[in-house]
Amino acid sequence: MSNKTENSTKETAGLGRRRFLNSAALAGLTVGVAACNDKPAAAPAASGAAAPAPAPAPVASAAGGTNVHLKPGELDTYYGIWSGGHTGDMRILGLPSGREIHRVPCFVPDALVGWGITNESKAVMGTKPDGSLKYTVADTHHTHASYKDGNYDGRYAWINDKINSRIARVRLDYFVCDKITELPNVQGFHGIFPDKADPVDPAINYTTRVFCGGEFAIPLPNNGQDINNPEKYRSMFTCVDAESMEVRWQVLIDGNCDLTATSYDGKLAATNQYNVENGIHYEDMMSAERDACLFFNIARIEEAVKAGKFKTIGSSKVPVVDGTREANKDPKTALTAYVSVPKNPHGVNASPDAKYFICAGKLSPTATVIELAKVLDWFDGKMEKLDDAIVAEVEIGLGPLHTAFDGRGNAYTTLFLDSQVVKWNVDAAIKFHAGDKSVKYVVDRLDVHYQPGHINGSQSETRAADGKILAVGCKFSKDRFLPVGPLHPENEQLIDISGEKMVLLADHPVRGEPHDFIIFKRDLLKPKQVYSHDDFPLAITDPKESGVTRNGKKVTVKITSQAPAFSLREFTVKKGDEVTLILTNLDKIEDLTHGFAIPNYNVNFIVNPLETKSVTFIADKPGVFWAYCTHFCHALHLEMRTRMIVEP
Ligand code: RUQ
Ligand code: CUA
Ligand code: CA
């Protein structure tokens, strides 16, 4: 493998270690992390020029003037949408302050909202035949929002659950999850990215598809056959309809999917692959010197589906087209194109000028710049060698993972092993790669704390990248916060990128493990703060409709809330009844939320202004149960209760 070396003298000192990692990537990875863990964090690691300097004191206001300390009452200028990691939710931050404003439960129950407790949320989450939740764990990694004209349009955001291969959609008007789809025949659903335009119809300049990368290869169908036949294991790339959330089609591939990116013209989607080896064992996945960035020709895939050139797998009705290497040798008809990328790459990111996808090398200290126009040329039969689409492959540092952009031609890549963010100029890297070794493409390096994974800049993944701030998800926080036992928070750091040099602005502890996030201007969202009464089929319009109706053992209880009282002071059911309780909040004032909890019945949920929710439970315990308002709403909040009487 011939990696170009960059020519700055600072870099040369570190090259020995870089080369070592290059040739012995696996060993280097282990050594790198261990070295960092063994040392007191503020002490420079023994890695020559790349040694992290002692942590600088946070700078409140950088050269660019980004002030992270907002005055009381002052609002942030950006929304951040964060993946919640193991909590299976989406977190909403204000930036640059870094304050967490809201959490949107998606995959995992949430006791405040009643997510996983109310009938409406259970219907979104999915239940077993007995009515209990199908899943109660999740692992969210990536979140991205819908586009129009190359910028966020504020309609939706999507988030993945890697454990159970689910994709959730969040409405950005109410900040609620409204749909969850489980992908068929896929394990380890990892990368996710909405398209930004239709590949054929230019009038559709907004998101209509969401692409999902399947990371783990499994026997297809995974029903106990082919367990001992690893050559039969396959991964798939999945397209989900942005509106219906139905799975539109899947592509059977060689190797695996990791992260996902989409082009601004809608023609291409791609996933980086770290396992072109199709390895089942750990070591096998690192045997090849080069893996791939796998491109999908969306228009051709959809033509093939239309023409019936697909199969289905197991009980799934989803059309599956053949994207394997063998079936796609002829560029003129190929659905897929495997551009080679050095050893086990991570992250693939689209530059805001719409020209390039950039893959980070992970086990190779390089970034690979792939020109999209050239990939399209290959599909059109105008370019013979697919790898000629690689316009730069340059050394940037150890363990590169993800890349963000400032809209001024610079890329910012996290270096996991170096615990740094490296700022590099894409055009300069292309010139260097083309042979002009006098070009300095590395602009700046900044130590971060520690081992960064994801990175994203304000508006970075849009045509409107504004180059103001950068957030970095550091996987280890070590000494940066008060110790709280063995589990350390992660450290999300904020960086000012408005000037030539990056300036570290702030540390924020986060619960593990957010992974990915996006940052965009606040005026792109127009959230609604009061529901529309008509949006709820079960809504109660008049408090007079409140009461208990019985149909055999099925009992419906209708209640309304208006501060500071529930419409029913008490209601009576019988032991053994199946009770469905419907609560409409008739308060229509912003910020007037009520809660409803029933002791010993495991019920708690909130109703926001003009919202209706319902719960169903068996009244299996006789007695008196004071159902009460759990959300402080009024001076008489504590008095806001109703007596549920369960007759023996
Ligand atoms: S991955 S640290 Cu799940 Cu987003 Cu790259
Ligand atoms: Cu209603 Cu508290
Ligand atoms: Ca590999």
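Determine the dipole magnitude for the range 60-218: charges of +1 sit on the beta-carbon of Lys and Arg, -1 on that of Asp and Glu, nothing else is charged, the reference point is the Cα centre, and the result goes in debye to the nearest 20. The partial results should precede the final answer.
Details: 16 positive and 18 negative charges, 34 e Å.
That gives a dipole near 160 debye.
Considering the dipole of the chain built from charges on the beta carbon (Lys and Arg +1, Asp and Glu -1) around the Cα centre, which of VAL548, GLY512, MET383 is farthest to its positive end?
It is VAL548, whose Cα lies furthest towards the positive end.
Provide, for q = 0.08, 0.10, 0.16, 0.17 Å⁻¹, the log10 of I(q)/I(0) from a solvent-free Debye sum over equal Cα point scatterers in the range 320-469.
Relative scattering, expressed as log10 I(q)/I(0), comes to -0.23, -0.36, -0.86, -0.95.
Give, rounded to the nearest 20 debye, the magnitude of the charge dipole that the chain has about its Cα centre when Lys and Arg contribute +1 at Cβ and Asp and Glu contribute -1 at Cβ.
Numbers: 71 positive and 79 negative charges, 145 e Å.
The calculation lands at about 700 debye.
Give me the net charge for the shell around THR560: Cβ to Cβ below 13 angstrom, other residues only, Lys and Arg +1, Asp and Glu -1.
Values: positive: LYS544, LYS558, ARG569, LYS588, LYS613; negative: ASP542, GLU545, ASP587, GLU611.
Every neighbour counted, the sum reads +1.
Does a label point 7 Å from the Cα of SER315, set along Cα-to-beta-carbon, have any residues of the range 122-158 with amide nitrogen under 18 Å, and which are they?
Inside the label zone: 126-135.
Modelled label-to-label distance, ALA307 and ILE227, 7 Å Cα→beta-carbon offset: nm?
4.0
Ranked highest first by the average count of other Cβ atoms within 10 Å around their residues, in what order do 395-407, 577-589, 544-556 fall? Show your work: numbers first, answer last.
Working: 395-407: 26.3, 577-589: 21.0, 544-556: 12.8.
Highest to lowest by the protection proxy: 395-407, 577-589, 544-556.
From the residues GLY114, GLY126, PHE175, which one has its Cα farthest along the dipole of the range 114-183 in the positive direction, the dipole being from +1 and -1 charges on Cβ of Lys/Arg and Asp/Glu about the Cα centre?
It is GLY126, whose Cα lies furthest towards the positive end.
For LYS437 and ARG569 in the same chain, what is the full-extension length gain: residue separation times 0.36 nm, less their Cα-Cα distance, in nm?
Between LYS437 and ARG569, full extension yields an extra 39.4 nm.
Which ³J(HN,Hα) values, rounded to whole Hz and listed in residue order, are derived for the range 369-382 from phi using the Karplus coefficients 6.51, -1.76 and 1.60 in 6.51 cos²θ - 1.76 cosθ + 1.60 with θ = phi - 60°, glycine and proline given as x?
Each residue's phi maps through the Karplus curve to give 9, 10, 8, 5, 4, 6, 4, 5, 4, 4, 4, 7, x, 8 Hz.
Which cross-chain or sequence-distant (5 or more) residues have an amide H under 5 Å from the amide H of ASP444, H modelled 1.01 Å from N in plane?
Amide H neighbours of ASP444, under 5 Å, 5+ apart: LYS423.
Report the gain in length on full extension from ARG290 to ASP523: 0.36 nm times residue separation, minus Cα-Cα distance, nm rounded to one decimal. Spell out each step's value before the answer.
Values: separation 233, 0.36 × 233 = 83.88 nm, distance 4.30 nm.
Full-extension gain reported as 79.6 nm.
Calculate, for ALA327 and GLU545, the FRET efficiency according to 1/(1 + (r/R0)^6) with r their C-beta to C-beta distance and R0 45 Å; round to the nearest 0.05.
On the way: r = 61 Å, r/R0 = 1.36.
It comes to 0.15.
Each residue of the range 514-524 in order: what ³J(HN,Hα) in whole Hz does its phi give by Karplus 6.51 cos²θ - 1.76 cosθ + 1.60, θ = phi - 60°, with x for Gly and Pro?
x, 6, 9, 6, 10, 10, 8, 5, 5, 6, 7
Based only on Cα atoms, what mean projected area does the convex hull of the range 489-648 have, in nm²?
Details: hull surface 55.0 nm².
Projected area, direction-averaged: 13.7 nm².
May I ask you to give the average projected area over all directions of the convex hull of the Cα atoms of the range 175-330, in nm² rounded to one decimal? Don't skip to the answer; put the middle values down first.
Working: hull surface 42.0 nm².
Mean shadow area of the hull around the Cα atoms is 10.5 nm².
Hey, with R₀ at 60 Å, roughly what FRET efficiency would ASP130 and ASP444 work out to, going by the Cβ-Cβ distance, to 0.05? Numbers along the way, then the final one.
Working: r = 58 Å, r/R0 = 0.96.
Once the sixth-power term is evaluated, E becomes 0.55.
What are the residues whose amide H is under 5 Å from the amide H of ASN275, where those residues sit 5 or more places off or on another chain and H is modelled from the backbone?
Under 5 Å from the amide H of ASN275 lie the amide H atoms of ASN256, each far enough along the sequence or on another chain.
Report the local net charge at ALA111: Lys and Arg +1, Asp and Glu -1, summed over other residues whose C-beta lies under 15 Å from its C-beta. Display every interim value, and only then the final one.
Working: positive: ARG103, LYS122, LYS613; negative: ASP89, ASP110.
Computed value for this residue: +1.
I'd like the Karplus ³J(HN,Hα) series for the range 593-604: coefficients 6.51, -1.76, 1.60, θ = phi - 60°, whole numbers in Hz, and an x wherever there's a Gly or Pro.
These are the phi-based 3J(HN,Hα) values: 9, 10, x, 8, 10, 10, x, 6, 10, 6, 10, 7 Hz.
Extending each Cα 7 Å along its Cβ direction at ASP535 and HIS634, get the distance between those two points in nm, one decimal.
2.4
Checking the cross-link filter: which lysines have an alpha carbon closer than 19 Å to that of LYS558, excluding same-chain neighbours under 8 positions apart?
Cross-link targets: LYS544, LYS574, LYS575, LYS588, LYS613.
When ligands, DNA and RNA are left out and all protein chains stay put, how many square angstrom of accessible area per residue does the range 64-209 have with a 1.4 Å probe?
Details: 5250 Å² over 146 residues.
In whole numbers, the range 64-209 has 36 Å² accessible per residue.
Order of 163-169, 499-505, 378-384, 260-266 by packing, highest average Cβ count within 10 Å first? Don't jump to the answer; show the numbers that get you there.
On the way: 163-169: 22.3, 499-505: 17.9, 378-384: 14.7, 260-266: 24.0.
Answer by packing, highest mean first, reads 260-266, 163-169, 499-505, 378-384.
Counting only the backbone N, which residues of the range 143-166 are under 18 Å from the spot 7 Å out from the Cα of ILE204 toward its beta-carbon?
From the range 143-166, the list is 146-151, 153, 155-156.
Can you return the lysines within cross-link range of LYS309? Criterion is Cα-Cα under 22 Å, with same-chain partners fewer than 8 residues away left out.
Partners found: LYS232, LYS267, LYS317, LYS329, LYS332.
In vacuo Debye scattering of the chain, one point per C-alpha: log10 I(q)/I(0) at q = 0.07, 0.08, 0.09, 0.11 Å⁻¹?
-0.49, -0.63, -0.78, -1.09
Starting with the highest mean, order 130-137, 471-478 by the number of other Cβ atoms within 10 Å, averaged over the residues of each peptide. List each step's numbers first, then the result.
Numbers: 130-137: 12.1, 471-478: 23.5.
Ranking the peptides 130-137, 471-478 by packing returns 471-478, 130-137.
With each pseudo-label sitting 7 Å past Cα toward Cβ, what's the LYS71-PHE617 distance in nm, one decimal?
4.8
Roughly speaking, what is the stretch gain from HIS86 to ALA111, that is 0.36 nm per residue apart minus the C-alpha to C-alpha distance, in nm to one decimal? Let's see the in-between values first.
Details: separation 25, 0.36 × 25 = 9.00 nm, distance 1.56 nm.
Result for the pair: 7.4 nm of gain on full extension.
Among SER97, SER146, ILE455, whose Cα projects farthest towards the positive end of the dipole of the chain, with charges put on the beta-carbon of Lys, Arg (+1) and Asp, Glu (-1)?
Final value for the positive-end residue is SER97.
Using a probe of 1.4 angstrom, how much of the accessible area of the chain is carbon and sulfur, in percent?
On the chain, the fraction of accessible area on carbon and sulfur atoms equals 55 percent.
The values are calculated or read from the model by the stated rules, or taken from the named source; none is laboratory data. The structure presented is a predicted model; accordingly, all values stated were derived computationally and were not measured. Reconstructed Cβ throughout: ideal geometry from the backbone, glycine too, with neighbour counts over all protein chains shown. Accessible surface is based on the protein model in full, side chains and every heavy atom, while ligands, DNA and RNA are left aside. Shrake-Rupley method; radii C 1.70, N 1.55, O 1.52, S 1.80 Å.
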